[in-house]
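J.: Next up is a structure, given as structure tokens.
Since every read-out is calculated from the coordinates, none of them should be taken as a lab result. Predicted model only: the values in this text are computed from it and were never measured. All Cβ positions, glycine included, derive from the backbone under ideal geometry; neighbour counts span all protein chains shown.
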Amino acid sequence: MPNSECSNETAPREDVFYFFRELTTAVVMLRSKMIFAYAGSVLATVAIFLWICFLGRSLPGSAASTSLSSSIQHVPMPQTLTHVLLAVVVVIAAARGVGAIFKRLNRPPVMGEVLAGILLGPSFFGLFAPASSSFLFPPQVAPHLAVISQIGVILYMFLVGPVLKSSLNRLRLESRTDPPKAMRQ
């Protein structure tokens, strides 16, 4: 009898150790898969970036073929302001439009907004419609758009900060007050 009792007492303990050993193995495998997926996405992004840079060298208005100072024409201020406002309207409309398409496809709208920025750039819009691209984004508008984009990024970071902090605080509160699932059942 004592032998059968000993084997019954050690069996659950061995099952628990087996469970934790299998669990740690699964976690390690999942982490390694995530690391490989992350590394693969980073390598793919770098490869696409290098491909776009390679294609951009052959464009007629690329930085490698002409210097910025020689391509800037002195344009009166009202025409520059008109071009800046037109460019901002086109960028916002394209970002919102492509973002809405991505939202309908159950994808994050920010992916569509980024894609709109890529499509409006010289590697796509400048390649397929160079005259329209040079009219919409003339060289004298680029510094103004750069300033506006930096202000937009700063404002976006100020908006994201409080939202992120409030969501983290909510998670902390829920973890303190919400009993574990095992205790609720």
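J.: Which parts of region 99-127 would a label at residue 41 reach, counting a residue when its backbone N lies under 13 Å from a point 7 Å out along Cα-to-Cβ?
T.: Within reach of a label on residue 41, which here means backbone N under 13 Å from a point 7 Å along Cα→Cβ, region 99-127 contributes 108, 111.
J.: For residue 114 and residue 29, what is the calculated FRET efficiency with R₀ set at 22 Å and r taken between the beta-carbons, to the nearest 0.05?
T.: Taking R0 as 22 Å, the efficiency between residue 114 and residue 29 is 0.10.
J.: Compute the FRET efficiency between residue 80 and residue 158 as 1/(1 + (r/R0)^6), taking r as their Cβ-Cβ distance and R0 = 30 Å, and round to the nearest 0.05.
T.: 0.60
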